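Mind looking over this structure? Questions follow.
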Amino acid sequence: MPELINETTVSHPLRKPFAAPARRRAKLFRPLLIAAGILGVGAGIWYFTATQSKPPEPERAKGPPASPVAVATAVTGDIALNLDGLGTVTPLATVTIRTRINGQLTRLGFTEGQMVKQGDFLAEIDPRPYRIAVNQAEGLLRHDQALLKNARLDLERYRKLVKEDSIARQQLDTQDSLVHQYEGTVLVDQAQLDNAKLNLDYCHIVAPISGRIGLRQADLGNYLQSSDANGIAVVTQLQPITVVFTLPEDNLPGVTKRLAGGRKLPVMAFDRSRTERLAEGVLESLDNQIDTTTGTVKLKAQFDNKDGTLFPNQFVNARLLVDTLHDATIVPSAAILRGAPGTYVYAVDAENKVKVQPVTLGATEGRNVAIAAGLEPGARVVVDGTDRLREGMTVTVAEGGSPPEASGERKPGRKK
C-alpha cells in the first residue's frame, strides 16, 4: 500500500521561487514613494511662498491719459504786410555787338564772360581799305578847295574891272556863280571825308555799355557785314538790374496809394524755393494796364546787384513790403486750424485744459500769422499734437515750444 504524503508538512516545490521577487519589489518601491512624497511637499511649499510674495496688480487708471502737446505763447510785435509774386530778372540794357561796316575781323579784345566797361576795346575790322578811302576824300577836298580859292580871286578882279567898266556885267555874274558852285563841291568833299573817317573809326569796336559779355559769335578771319544777325557778341548790363514781377489786380490800390505818397517800397528777391534771399531793392514803377487774361499787373523793381546774385532771365520770387502792422498779436502759423468752427486754435488754460478758440486771421509773415480778433497776447496755443485733441481734454505741455519770430517782436505786456 503506497505511503500517503502529508501536504501540511511537505511544501510545494514551486511556492518558494514566487515569494522572493514580491518581497524584493516591495523593498524597491518604498524609497520611490518616499521621494515622491518629499517632492510633493516641496512643491506645495514653493507654490505657497510664490503666491504670497507676488505683488498685487495695480488698479487700471481711471479715464484716458493726458495727451502730450507742444505749445507757444502769443506775443505782441510788428508784422510786415508783404505781397509775393513770381518775377523774372531783366537787365536794364542788352546790346548785340555788331559791325557797322563790312570787312574782315582781324582782332579781338575780350574774353568770353568777362566784365567790360563802357568804351573798352572789343574787336577790330581790317582798317586798311578805310584809311585809303580817307586819303582819297582828303585829296579830292584839297583839289576842290584850290579851285574855289582861285575862283574867289578871279571874282575880286572882275568886280574891280566892272567898276572900271572894263568887262561886261555878265562875266562878273558868271564868275560869282562859279564860286558858289565850288563852295558846294567843297562841302560835298568835306562830307565824304568825314564819312570816310567815321568808317575808319567804326573799324575799332568798343563796348557801348558796361556789363558782362557773352559767348563769341564770330571768329577771327571771318568777313563780317553790318547785316549779320548774330553779331560778334552780346553785352548785358548787370549792375544795376531789374526784376519784373506780377501781382493780382486786387492788390493794386494799396500799392498805387503808397507810390502816390512818394514812398519807396522795399522789394526782396528770393530763390525758387523761397528759402534764400538773393538781393534787396526798391520798387521803380508799374505797368499802365492790367493783363485781362490773368488779372495781374506787372511791376518793376531795381537792385544794385553788386554781388552778382541776380542773373538775366532768372526766375525769382519777389516780395514787396507794402506796410507794417504794429502791436499785432502774433502766433505761429502751425497753431492755426480750419474746420467746422471756421478758423480756430486750441488754447491751453492754467489747468492745462484745451479749448477750441475761434480766431480771425490778419497778415502772414513767414511762419507767423497775426490774429486780428479772438486771442489776446500771453495766451498759450497748441502748435503740435492737435490731431489728438478734443474740447476740454487735459494735456501735458511738452518742453521746447518755440515762440513766434516777428519783426520787432516784444514780450506780452511790454510797452514800446
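Return yes when ARG128 is out of contact with any Lys or Arg (no Cβ under 9 Å at 6 or more places or on another chain), among the charged types (D, E, K, R) and without any contact (Cβ under 8 Å) to a residue 40 or more places away in the chain and no when it is not.
Working: out of contact with any Lys or Arg (no Cβ under 9 Å at 6 or more places or on another chain): yes; among the charged types (D, E, K, R): yes; without any contact (Cβ under 8 Å) to a residue 40 or more places away in the chain: yes.
Considered against the rule, which asks whether it is out of contact with any Lys or Arg (no Cβ under 9 Å at 6 or more places or on another chain), among the charged types (D, E, K, R) and without any contact (Cβ under 8 Å) to a residue 40 or more places away in the chain, ARG128 comes out as yes.
Anything in the stretch 121-169 that is among the polar types (S, T, N, Q), in contact with a helix residue (DSSP H, G or I) (Cβ under 8 Å, 6 or more places away or on another chain) and more than 27 Å from GLY184 (Cβ to Cβ)? List them, or say none. Outline the logic, then answer.
Pass one, the stretch 121-169, residues among the polar types (S, T, N, Q): 135-136, 145, 150, 166.
With the extra rule that they be in contact with a helix residue (DSSP H, G or I) (Cβ under 8 Å, 6 or more places away or on another chain), the set shrinks to 136, 145.
Answer for the stretch 121-169, where residues must be among the polar types (S, T, N, Q), in contact with a helix residue (DSSP H, G or I) (Cβ under 8 Å, 6 or more places away or on another chain) and more than 27 Å from GLY184 (Cβ to Cβ): there is none.
A follow-up question, please. Answer with yes or no whether ASP201 is part of a helix (DSSP H, G or I) and either over 23 Å from VAL316 (Cα atoms) or touching a Gly at 6+ places or on another chain (Cβ under 7 Å) (or both).
Values: part of a helix (DSSP H, G or I): yes; either over 23 Å from VAL316 (Cα atoms) or touching a Gly at 6+ places or on another chain (Cβ under 7 Å) (or both): yes.
Spelling it out, ASP201 is indeed part of a helix (DSSP H, G or I) and either over 23 Å from VAL316 (Cα atoms) or touching a Gly at 6+ places or on another chain (Cβ under 7 Å) (or both).
Would you mind listing the strands (runs of 3 or more DSSP E) fully within the stretch 292-352 where at least 3 residues are among the aliphatic types (A, V, I, L, M)? Lay out the reasoning, then the answer.
Numbers: elements: 296-303, 315-332, 337-339, 342-348.
Passing ranges, in order: 296-303, 315-332, 342-348.
Within the group ARG107, ARG100, which residue is modelled with pLDDT of 85 or more, surrounded by 12 or more Cβ atoms within 10 Å (Cβ to Cβ) and not in a strand (DSSP E or B)? Walk me through how you get there before you give the answer.
Working: ARG107 fails: not in a strand (DSSP E or B).
The unique qualifying residue is ARG100.
If you go through the stretch 267-291, how many residues are over 15 Å from the mean Cα position of the chain (by Cα) and either among the aromatic types (Phe, Trp, Tyr) or in a loop (DSSP other than H, G, I, E, B) (or both)?
Qualifying residue count, the stretch 267-291: 4.
Could I ask something else about it? Tell me, yes or no, whether the stretch 351-366 has at least one residue that is modelled with pLDDT of 90 or more and within 30 Å of GLY113 (Cβ to Cβ).
no
Sort out which residues of the stretch 288-326 are on the phi > 0 side of the Ramachandran plot and surrounded by fewer than 13 Cβ atoms within 10 Å (Cβ to Cβ), and write them in order of number. Step through it out loud before you land on a result.
To start, the set of residues in the stretch 288-326 that are on the phi > 0 side of the Ramachandran plot comprises 295, 305, 308, 313.
Across the stretch 288-326, the qualifying residues are GLY295, GLY308, ASN313.
The values are calculated or read from the model by the stated rules, or taken from the named source; none is laboratory data. The shown structure was predicted, so the numbers you read here are calculated from the model rather than taken from an experiment. Methodologically, a virtual Cβ is constructed for each residue, glycine included, from the backbone with ideal geometry; neighbour enumeration extends over all protein chains shown.
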